[in-house]
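Right, one structure below, let's go through it.
The values are calculated or read from the model by the stated rules, or taken from the named source; none is laboratory data. What you see is a predicted model, and the numbers here were worked out from it, not measured in a lab. Glycine gets a Cβ as well: all are built from the backbone with ideal geometry, and neighbour counts include every protein chain shown. Surface areas here come from the heavy atoms of the whole protein model, side chains and all, with no ligands, DNA or RNA. Shrake-Rupley method; radii C 1.70, N 1.55, O 1.52, S 1.80 Å.
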Amino acid sequence: MTSRIAASRRTVAKSVAAALVATPFGTMTRQAWAQARRAGTLTTMITPEPPILVPGVNNQGPTLIVTGKIFEGLLTYNQKLEPQPGLAQSWSIDAAGTTYTFNLQTGVTWHDGKPFSADDVVFSIMKFHMELSPRSRAIFQRIDTCVAKDAQTVEIRLKAPFEPFILMFDVTTCAIVAKHVYDGMDAAAMRNAPANQTPNGTGPFKLAEWQRGNFIRLAKHDKYSQAGKPLLDELIYRVIPDSNLRGVALQTGQVQLAGPNDIEAFDVPRYQADQNFKVDLDGWQYYGPLSWIELNHRSKPLGDARVRRALSMAIDRNFVVQRLWFGVGKAATSPISSATRFHDPSVRLEAFSEQAANALLDEAGLRRGADGTRFELKFMGLPYGEIWNRLGEYIRQQFGKLGVRLVAESVDAGTWARKLAEWDYDVTVNFVYQWGDPTLGVERTYVSTNIQKIAFTNTGGYANPRVDELFKVARESQSADARRAAFAEVQKILVQDMPQLWLMELAFPTIHDRRLRNVITGGTGVHAGFADVSFG
Amino acid sequence: MSGFWRRFATNRGAVAGCVVFALVLAMAAFAPWIAPGDPWSMAGPPRTDAFDPEHWLGTDMLGRDVWATIVHGARVSLLVGGGATLAAVLIGVSIGAVAGYLGGVADDLLMRFTEFFQSIPSFILALLIVAIFQPTVGSIVVAVAIVSWPPVARVVRAEFMSLRSREFVQAAVVLGQGTWTIVLRQILPNALSPIVVLSSFMVATAILLEAALSFLGLGDPNVMSWGFMIGSGRSTIRIAWWTSVFPGIALFLTVLSLNLIGEGISDALNPRLHERGAA
């Protein structure tokens with residue numbers, strides 16, 4: 001094995017650093033680590049530590065990454081967001097687009113040894129996620145009936161056709177949980193069930209040990225439904241709160257994989273240049289995170305589309321991507337991310353031009369005052385760390401060049417979400433997952449029926465009857481072509497109206513040891529089951 | 001007083017401190033002429049190396065000129081240092097004077113109040129105050145002043161207690177001078193020297209506190225300060241060391257100069273140490 005030889009060649013300095021990192025991981029010595037590696041153990045990190053390991057009970061990013069190995073969904077998705085087999089080996093949708101039939105895998109066993117059946121699927125959809133997860137509930141309310149035809153077949157009938165419904169079955173959206181664990185409980189009881197401490201899934205790995213604040217150890221599920229899988233024996237998630245120590249752990253080979261939030265964007269170019277590592281920006285198609293400058297249309301003069309367009313033209317999106325995010329991500333070109341279905345590549349945002357932006361503000365009748373200021377607004381930065389702070393400073397600077405003075409206010413994450421939900425802001429920065437389909441993740445920001453005092457709705461207050469109508473057509477149509485046409489028109493209208501100033505399609509790099517195979521294969525990246533991941 | 005200046009001038013450290021501090025003062029006063037324009041503006045290409053002919057201290061990751069940020073940052077540092085010290089001295093002297101002059105129950109109450117503030121870790125208290133109120137220059141000055149006044153109060157109280165029983169004070173009482181006149185005209189001028197020494201150290205501490213708050217992201221987001229630059233440059237220190245090193249040096253030199261000045265004043269005012277500074 002060349003890997004160990006390579007490891008032993010590492011410099012003394014790195015070994016010292018490694019010894020330092022090893023300390024927080026309790027009693028495991030460097031030798032033990034090396035041994036673990038021989039036995040097919042992948043050690044990775046999770047930042048921050050998940051509070052609980054049951055999806056639905058907690059839907060935060062880190063929870064979904066770890067539970068993606070323990071649980072399974074009916075389907076998985078490739079990078080084009082086409083459904084692939086999961087717990088369902090095949091599925092069909094009738095011509096009317098209302099009846100979905102899933103044929104389940106045979107020989108599936110829960111980690112506790114009990115057999116898996118169609119009843120578990122019905123329970124998970126109609127009871128568990130329906131009651132625990134607001135996002136799933138909004139969609140699953142469209143279900144008329146969901147029944148187990150036999151032990152291997154589930155049939156779902158919708159009240160009306162809903163084309164993006166097929167995207168709702170990933171493990172991060174609708175993980176299948178064991179009915180026998182939660183049977184007869186109400187929502188509160190399921191949320192607080194003692195059984196949540198010992199998650200029971202059908203996934204390739206089962207929870208073996210969890211030392212809080214230290215590590216989560218997952219072991220191979222011996223009775224996993226796919227013969228010979230998973231290829232790894234163990235999967236260890238280490239919790240390393242300090243970003244510098246995480247970098248050292250990856251550099252020294254203590255961990256062989258780093259996911260989102262583990263490595264800071266400004267360190268990514270180093271790993272891209274390093275022969276020992278592979279940096280993969282893929283695997284976020286299912287989430288399609290898009291960031292934007294969020295404008296409150298109620299704050300004068302942001303209700304004027306010319307003003308919003310001018311502000312958009314003042315931002316050099318390539319500067320943001322290249323200089324602030326070190327090339328990790330892509331400049332936005334449309335309100336629908338290029339990873340999301342129905343993105344229209346022919347749509348373009350107006351080009352960066354401070355001159356044109358100034359002219360447009362003049363045209364809107366907003367003259368500069370004696371001190372060169374046209375108008376003043378409050379700016380609430382997104383408190384997610386250094387890069388976001390730099391972005392805020394950049395935005396204030398660029399708007400300042402147009403004579404738009406932004407007065408910064410500092411907020412913490414909780415205050416930010418509260419003020420956003422209460423419409424108590426003029427200008428802020430936001431980013432939102434698109435969940436693969438504009439109806440699932442884009443519509444909510446722009447339709448006037450969703451102007452609510454809730455975060456991640458149409459908090460800006462944009463209202464355009466034509467946009468409402470087009471989103472409705474797309475929502476209710478079963479034909480992909482009809483939906484595509486509606487979304488194409490929506491994108492054209494939105495880039496003219498600029499209700500929000502889209503900035504970047506965010507990317508979260510996955511950095512791993514080059515010998516590690518099949519890490520990022522689907523549209524959900526590090527959230528996937530890792531049954532095929534192996535060393536060399 | 002001429003003896004004081006002579007003694008002060010023979011202390012080389014103190015003189016050096018004065019020179020450095022005068023430079024910092026000049027930098028702050030003439031900032032718009034030394035580094036024209038907005039220090040937040042992106043003056044050049046991002047992450048220009050230090051010692052570049054156009055940006056001789058380099059630029060940060062947004063292309064802001066590090067030299068300009070240091071020059072303009074001096075204003076905030078001095079403003080917070082001076083403002084907070086002034087406020088702290090006012091609070092400290094008032095409380096210390098009343099406690100020391102009146103004694104008895106008033107003294108007990110005021111000193112327990114002072115101890116209450118002394119028993120809370122000062123940096124944590126400052127963080128808390130700034131976090132509760134929005135971080136602005138004003139709230140930072142208030143926070144720094146609130147954590148800095150207790151030592152002043154204790155020193156002033158001790159001075160007042162000892163001076164109150166001196167003969168010249170008793171003479172003033174006999175002559176029928178009012179309480180206010182005695183406190184302000186007789187005792188306070190004689191208690192001034194330890195206050196002056198303490199103040200110069202307090203300015204240094206206040207500047208450091210402001211830098212620490214800004215470093216942690218609790219500075220006024222609308223003004224450029226050294227702590228902010230050090231904090232924001234920290235994340236890219238491996239690829240652009242100059243963005244935090246130079247503001248760090250500016251902070252270090254300013255605080256050092258104030259400490260040297262404070263020590264110089266202290267030595268010059270202390271008759272028993274006449275020879276130390278000259279040696």
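Other residues with beta-carbon under 15 Å from the beta-carbon of A:Ala160 carry, at +1 per Lys or Arg and -1 per Asp or Glu, a net charge of +2.
Given a Förster distance of 51 angstrom, what is the FRET efficiency for A:Asp280 paired with A:Ala189, based on the Cβ-Cβ distance and rounded to 0.05? Intermediate results must be reported in sequence, preceding the final value.
Working: r = 40 Å, r/R0 = 0.79.
Between A:Asp280 and A:Ala189 the formula returns 0.80.
Test of the criteria: in region B:115-179, which chymotrypsin sites (Phe, Trp or Tyr not before Pro) are in a DSSP loop and have at most 13 other Cβ atoms within 10 angstrom of their Cβ? The partial results should precede the final answer.
Details: sites: B:Phe116, B:Phe117, B:Phe123, B:Phe133, B:Phe160, B:Phe168; in loops: B:Phe133.
Hits after loop and neighbour filter: B:Phe133.
If only the Cβ of Lys and Arg carry +1 and only the Cβ of Asp and Glu carry -1, the dipole of region A:290-506 around its Cα centre is close to 120 debye.
Shielding of A:407-413 by partners, i.e. mean partner chain Cβ atoms within 10 Å per residue? Please list the in-between numbers first.
Working: counts 2, 6, 5, 11, 1, 2, 0.
The per-residue average across the peptide is 4.
Here each label is just a point 7 Å from Cα along the line to Cβ, and for B:Ala26 and A:Ala417 those points are 5.3 nm apart. Calculate the length of the line joining the C-alpha centroid of region B:76-153 to that of region A:255-271, in whole Å. A separation of 44 Å, based on Cα centres. The Kirkwood radius of the protein assembly as shown, taken over pairs of alpha-carbon atoms, gives through the Stokes-Einstein law at 37 °C and 0.692 mPa s a diffusion coefficient of 107 µm² s⁻¹.
In deg cm²/dmol and to the nearest 500, what is the mean residue ellipticity at 222 nm of chain B if only DSSP H runs of at least 4 residues count, each as -39500 (n - 2.57), divided by the residue total?
Values: 12 runs with 199 residues, N = 279.
When only DSSP H runs of four or more count, the value is -24000 deg cm²/dmol.
Packing here is the average count of other Cβ atoms within 10 Å per residue, and on that basis the peptides B:223-234, A:45-56, highest first, run B:223-234, A:45-56.
Counted residue by residue at 0.36 nm each, then reduced by the alpha carbon distance between them, the extension gain from A:Thr153 to A:Glu350 reaches 65.9 nm.
Just add up the charged neighbours of A:Ile454: K/R +1, D/E -1, any other residue whose Cβ is under 15 Å from the Cβ of A:Ile454. Provide the component values of the computation, followed by the final result.
Details: positive: A:Arg135, A:Arg137, A:Arg418, A:Lys419, A:Arg444, A:Lys453; negative: A:Glu294, A:Glu422, A:Asp424, A:Glu443.
Residues near A:Ile454 contribute +2 overall.
Volume per residue of the convex hull around the Cα atoms, evaluated for region B:96-187, comes out as 103 Å³.
Using mean Cβ contacts within 10 Å as the protection proxy, how do B:202-209, A:235-242 order, highest first?
Details: B:202-209: 25.2, A:235-242: 20.5.
Order by mean packing, descending: B:202-209, A:235-242.
In region B:29-70, burial by the other protein chains removes 30 Å² or more of accessible area from B:Trp40, B:Met42, B:Pro46, B:Arg47, B:Met61, B:Leu62, compared with the chain on its own (1.4 Å probe, ligands and nucleic acids ignored). Expressed as a rounded percentage, what relative contact order does region A:417-536 have, with Cα pairs under 8 Å and six or more residues apart? Reported as a whole number, the value is 15 percent.
Quote the Stokes-Einstein diffusion coefficient, in whole µm² s⁻¹, for region B:164-279, based on the Kirkwood radius over alpha carbon pairs, a temperature of 10 °C and a viscosity of 1.306 mPa s. All intermediate terms of the calculation are to be shown ahead of the outcome.
On the way: Rh = 17.6 Å.
Here the translational diffusion coefficient equals 90 µm²/s.
Restricting region A:312-362 to trypsin sites (Lys or Arg not before Pro) that sit in a DSSP loop and have at most 15 other Cβ atoms within 10 Å of their own Cβ leaves A:Arg348.
So what is the relative contact order of chain A, in percent, for Cα pairs below 8 Å that sit 6 or more residues apart? If you can, show how the numbers build up before the last one.
Numbers: 1077 pairs, mean separation 106.5, N = 536.
Rounded, it is 20 percent for chain A.
Would chain B count as rounded, prolate or oblate if I go by the C-alpha gyration tensor, calling it rounded below 1.5 in a/c and otherwise prolate when a/b exceeds b/c, oblate otherwise? Walk me through the numbers on the way to the answer.
Numbers: a/c = 2.96, a/b = 1.78, b/c = 1.66.
It is prolate, given that a/c is not under 1.5 and a/b is the larger ratio.
Set the Cα radius of gyration of region A:75-182 against 2.2 N^0.38 Å, with N its number of residues, and you get 1.01.
The simple Förster model, with R0 at 45 Å and r as the Cβ-Cβ distance, assigns A:Ala480 and A:Asn214 a FRET efficiency of 0.40.
When the P(r) is computed for region A:290-506, the part past 29 Å accounts for 22% of the Cα-Cα pairs.
Within 11 Å, Cβ to Cβ, of B:Arg64, how many net charges do the neighbouring residues add up to if Lys/Arg are +1 and Asp/Glu are -1? If you can, show how the numbers build up before the last one.
Numbers: positive: A:Arg390, B:Arg47; negative: A:Glu393, B:Asp38, B:Asp60, B:Asp65.
Net of charged neighbours comes to -2.
Roll a 1.4 Å probe over the protein chains and send me the accessible area per residue for the protein assembly as shown in Å².
Working: 33820 Å² over 815 residues.
Using a 1.4 Å probe on heavy atoms only, each residue of the protein assembly as shown averages 41 Å².
Considering only A:Leu232, B:Pro194, A:Val147, the residue lying farthest towards the positive end of the dipole of the protein assembly as shown is B:Pro194, judged by Cα position with unit charges set on Cβ. Centroid-to-centroid, using Cα positions, region A:303-345 and region A:98-167 are 37 Å apart.
A 1.4 Å probe over all protein chains sorts A:Val147, B:Val80, A:Val279 by accessible area into A:Val147, A:Val279, B:Val80, starting with the largest. When all protein chains stay in place and ligands, DNA and RNA are ignored, the 1.4 Å accessible-area order of A:Lys492, A:Lys159, A:Lys206, largest first, is A:Lys159, A:Lys492, A:Lys206.
First measure r as the distance between the Cβ atoms of B:Leu192 and B:Phe51, then evaluate 1/(1 + (r/R0)^6) with R0 = 60 Å and state the FRET efficiency to the nearest 0.05.
On the way: r = 46 Å, r/R0 = 0.77.
Once the sixth-power term is evaluated, E becomes 0.85.
Over the residues of chain A, the helix contribution to mean residue ellipticity at 222 nm works out to -8000 deg cm²/dmol, using -39500 (n - 2.57) for each DSSP H run of at least 4.
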